[in-house]
Amino acid sequence: MDKKLTTSKIMQMKNNKKIVMITAYDALFAKIFNDIVDILLVGDSLNMSFNAEPDTLSLDINAMLYHTKAVSKVANKALVIADMPFGTCYDEKSTLKNAIKLIKQGGADSVKIEGGLRVAPLVKRLCDEGISVCGHIGLMPQQVRFEGGYKIKGKSIDDEKRLLDEALALQEAGAFAVVLEGVVSQVAKKISQSISIPTIGIGSGCDTDGQVLVWSDMLGFFDEFKPKFVKRYLDGAKIVKDAVQKYTNEVREIKFPSEEFEYRA
Ligand code: KIV
């Protein structure tokens, strides 16, 4: 079996091999993805797809810890990144306390923090403590209520410059990678070429060093809405519904359990 991926191995993949990241929230699916992808992200997006909340903001550290533990237990190949939920890194003390919880109790290899210049000093503090950090700039879902929606970033020259400054600040602070979400493709390309740490894109075109998708979106289980950047690789909800419908029919028609599924004396 391949050895467990580390942040330094991920960093070496820049300019060599595209990095593949997918979200994972439980042991069952994490085990399937672990053999294939490079990084499992315990993303706070789970609050929407798995907890029926309208956004990620209400997720707390204990819920994140629960999901991180489940994923980390089975991730013997892929690197595990746990998201820092909204409101868990507002100052140095809270950031350290919550990140240490996800690493120590949750078994995560790294944490991800949304934010650029504001969080760079916190990223540095975590790295000084021996905690690997992945940045997250561009469209930051935790800002949805503040910004009044999910807004694509990098559309103006000023915004492009700000994004580049943020990426450089995160690199300087010691982040091993940075997620670029909802960034205009040409800007994502420029950022990827201007920094030495890997960029992992979502809705940011094909020129980032890697890609990430939310598993329940790409496999068609979360079908309430589909952002433009999501490619559906499976019609998951339909496949599951058809199977459960078949089971229901067979129970009602007393076709299941047939003899082969019975115990006899
Ligand atoms: O929570 C999440 O799934 C994420 C990805 C969208 C990058 O942060």
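Side notes on the structure shown:
- Rounded FRET efficiency, nearest 0.05, which uses the C-beta distance separating E259 from L234 and R0 of 35 Å: 0.55
- Summing +1 for each Lys or Arg and -1 for each Asp or Glu among the other residues whose beta-carbon sits under 9 angstrom from that of D83 gives -1.
- C-alpha center-to-center spacing [the stretch 237-259, the stretch 20-76] in angstrom: 29
- Each of A63, A177, V74 was placed along the dipole of the chain (beta-carbon charges, centred on the mean Cα), and the one lying farthest toward the positive end is A177.
- With all protein chains kept in place, the per residue accessible area of the chain amounts to 53 square angstrom at a probe of 1.4 angstrom.
- In the stretch 149-211, the portion of solvent-accessible area held by carbon and sulfur atoms comes to 54 percent [1.4 Å probe, whole percent, DNA, RNA and ligands not counted].
- Those residues of the stretch 186-222 whose amide nitrogen sits under 15 Å from the label point placed on C127, 7 Å along Cα→Cβ: 195-199
- Among E224, E160, E92, the largest mean-square fluctuation in a Gaussian network model of the chain, built with springs joining Cα atoms closer than 10 Å, belongs to E224.
- Cβ-defined net charge surrounding G116, 11 Å radius [Lys, Arg +1; Asp, Glu -1]: 0
- Given the chain, longest segment not containing exposed loop trypsin sites (Lys or Arg not before Pro) (DSSP; at most 16 other Cβ within 10 Å): 19-117
- Of all DSSP bridge pairs formed entirely within the chain, close to 5 percent run antiparallel.
The values are calculated or read from the model by the stated rules, or taken from the named source; none is laboratory data. What you see is a predicted model, and the numbers here were worked out from it, not measured in a lab. Glycine also receives a Cβ, built like all others from the backbone with ideal geometry; neighbour counts cover every protein chain displayed. When the accessible area is computed, the model is the full protein with side chains, heavy atoms only, and any ligands, DNA or RNA have been set aside. Shrake-Rupley method; radii C 1.70, N 1.55, O 1.52, S 1.80 Å.
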